1. I'd like the Kirkwood hydrodynamic radius of the range 26-175, using the inverse of the mean 1/r over distinct C-alpha pairs, in Å.
2. Using a simple spin-label model with points 7 Å from Cα along the Cα→Cβ vector, what separation in nm is obtained for LEU15 and ARG80?
3. Express the relative contact order of the range 71-150 as a whole percentage, based on alpha carbon pairs under 8 Å and six or more residues apart in sequence.
4. Do the sum for the chain: with -39,500 (n - 2.57) for every DSSP H run of n ≥ 4, divided by all residues, what is the mean residue ellipticity at 222 nm, to the nearest 500 deg cm²/dmol?
5. Relative contact order, percent, of the chain when contacts are C-alpha pairs under 8 Å separated by at least 6 residues?
6. Whole-Hz Karplus ³J(HN,Hα) for the range 95-108, in order, using 6.51 cos²θ - 1.76 cosθ + 1.60 and θ = phi - 60°, x for Gly and Pro?
7. Starting from a Cα-only point model with no solvent, please compute log10 I(q)/I(0) by Debye for the range 42-86 at q = 0.33 1/Å.
8. Which ³J(HN,Hα) values, rounded to whole Hz and listed in residue order, are derived for the range 139-154 from phi using the Karplus coefficients 6.51, -1.76 and 1.60 in 6.51 cos²θ - 1.76 cosθ + 1.60 with θ = phi - 60°, glycine and proline given as x?
Amino acid sequence: MRIISGTHKGKQIKLPPNLKARPTTDQAREGLFNILSNRFDFDKIKIADLFGGTGAISFEFASRGAKEVYCIEIAPSHFRFINKNAKANGFEQIKTFRTNAFNAIQKLPKNNFDIIFADPPFDFPNKQKLISDVMEADILKNGIFILEHSDNESYNDSAYFIEQRNYGKVCFSFFENK
């Protein structure tokens, strides 16, 4: 896994074999961050990464200068890996929390985040509930929620849906309060 841009551009982060996460591909991450860089000044935004996994998305935001990154991860080994690499790379703006995404949504600061990102396992059964919980929790500050999912799923019937971008078998659906 490598950081694509920012202060740590090109930095390789070696994943240990005990991590069972599926990191977002470099191609998909690069596409996503190209979209986001046209919409946001990274040094002024706050992010919540609801399924931290390998930390790739949180590290990418931190490398690009995000003001604050809340990284939520429930798996102990993943949580330790994210903490270790955040410290090793000087990403002081990353705040990690070991809990599940649904508990985190209820406890995150209200009207605080510009971007909320979620990359649950592709077989995660509650993605529709995740969308509605995020959008109804009043934690976005005129921002967007991004859900990463497989190409055989569609969420364009959601009342909050604004667009979908595809990168091979990986898709990002964008949602906002209208």
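Rule-based calculations on the coordinates, nothing more; no lab input. What you are looking at is a predicted structure, and each value in this text was computed from that prediction instead of being measured. When we count neighbours, we look across all protein chains shown, and the Cβ atoms used for this are built from the backbone with ideal geometry, even at glycine.
1. Numbers: mean 1/r = 0.0653 Å⁻¹.
After inverting the pairwise mean of 1/r, the radius is 15.3 Å.
2. 1.8
3. Values: 86 pairs, mean separation 25.9, N = 80.
With pairs under 8 Å counted, the relative contact order is 32 percent.
4. Numbers: 5 runs with 50 residues, N = 178.
It comes out at -8000 deg cm²/dmol, rounded to the nearest 500.
5. Values: 327 pairs, mean separation 31.3, N = 178.
18 percent.
6. 10, 9, 9, 9, 7, 8, 4, 5, 5, 4, 3, 6, 9, 5
7. Result of the Debye calculation: -1.18.
8. So the J values, rounded to whole Hz, are 9, 7, 10, 6, x, 10, 10, 10, 10, 8, 7, 6, 6, 9, 10, 9.
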